[in-house]
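Working notes, structure below.
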Amino acid sequence: MGYSYLKANPIFNDSKVFHAVYDHVGGLQTGTQVSINGYTVGKVNDIRFKDRSGKLVVTFTVDKSFDFSENSIAELYDTGIIGGKGVQIIPVFDGATLARSGDTLTARIRPGITELVQQKLSPLQIKVEDAVSNADSLLVNFNQVLDAGTKQNLQESVAGLNQLIKSLQGTSNTLNEFLDSNQSQLDSAVGNIATMTANFSKISDSLSQAGLSQTVRNLESTLASLDTVLKRIEHGEGTLGKLMEDDALYDNLASASQELDLLLQDLRLNPKRYVHVSVFGKKQKEYTVPEEDPAEEKDPN
């Protein structure tokens with residue numbers, strides 16, 4: 001009775017005894033409570049090595065008042081965040097043979113918080129290590145690229161950029177001073193632009209009311225008529241068209257103009273030949289060609 005008490009076994013025990021084999025028990029102690037769905041139904045009685053493989057056999061008791069299948073699972077789990085292990089029975093009701101005292105149940109270890117964190121952090125750790133390795137390679141390559149000449153060029157570029165910024169700042173200050181000193185003129189110019197815009201709007205309204213569109217349409221009609229007349233002249237229609245296209249008419253007009261010129265010149269040189277008054281009935285003199293006859297100069301034939 002004293003031995004059973006020290007082993008955390010009840011003296012008057014009517015519970016069923018089960019066994020479960022684990023690779024490791026994570027610090028499980030005898031006397032730890034065994035539960036089903038969070039309700040305590042027994043205790044861990046004994047923990048011992050199974051054989052030379054190092055596996056551990058956990059013996060525990062379960063109250064006879066609750067029956068479950070022999071396929072039920074004895075799960076080892078963390079009882080809290082700080083630590084400690086417990087055993088819980090995950091009952092299975094599959095119609096198989098009920099578990100009897102002395103049976104060995106299927107063992108399973110549920111990962112604790114630490115193990116889950118390690119499982120989640122392991123891929124992240126690998127990625128971080130790869131990132132650090134890549135960063136180290138990048139820095140090595142960057143140092144190789146930044147030789148003495150490149151560093152000198154970068155320094156010169158930075159110096160040039162500083163000078164450009166100073167120049168832009170000076171230009172900005174000058175522009176601000178110009179705007180401040182010419183504020184009144186700028187205001188006047190803006191006012192003049194507003195006045196011009198208003199006047200242009202009035203002129204536009206006046207042109208719209210004056211029937212400019214009708215005038216433009218009339219002009220288009222006149223231009224179309226003029227184009228038609230020019231096409232008829234070009235094709236030799238009408239008097240102007242014939243005059244432009246008929247060379248014989250032009251030659252006749254040129255010949256008539258020349259003969260008229262000769263006639264007028266002869267009339268000026270020999271008026272008596274054309275106007276002759278005879279009181280006594282003298283005979284008319286015969287026509288003689290003047291010594292300087294323009295007809296002979298122009299037309300020797």
Exercise. Can you pull out the residues in segment 60-77 that are buried (at least 17 other Cβ atoms within 10 Å of the Cβ) and touching a residue at least 40 places away in the same chain (Cβ under 8 Å)?
Worked result: F60, T61, V62, A74, L76
Exercise. Limited to segment 124-142, what total is found for residues that are exposed (fewer than 11 other Cβ atoms within 10 Å of the Cβ), modelled with pLDDT under 75 and over 33 Å from the mean Cα position of the chain (by Cα)?
Worked result: 2
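Residue by residue, here is whether (1) modelled with pLDDT of 90 or more; (2) assigned to a loop (DSSP other than H, G, I, E, B); (3) of a type in the set (G, A, S) holds:
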{"residue": "R48", "(1), (2), (3)": "yes, no, no"}
{"residue": "S53", "(1), (2), (3)": "no, yes, yes"}
{"residue": "S65", "(1), (2), (3)": "no, yes, yes"}
{"residue": "A74", "(1), (2), (3)": "yes, no, yes"}
{"residue": "G80", "(1), (2), (3)": "no, yes, yes"}
{"residue": "G83", "(1), (2), (3)": "no, yes, yes"}
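Out of segment 26-44, which residues are farther than 15 Å from I89 by Cα, more than 60 Å from the chain's Cα centre (by Cα) and surrounded by 14 or more Cβ atoms within 10 Å (Cβ to Cβ)?
L28, T30
The values are calculated or read from the model by the stated rules, or taken from the named source; none is laboratory data. Remember, it's a predicted structure, so these values are computed and weren't measured experimentally. In this analysis, Cβ positions are derived from the backbone assuming ideal geometry, glycine residues included, and neighbour counts consider all displayed protein chains.
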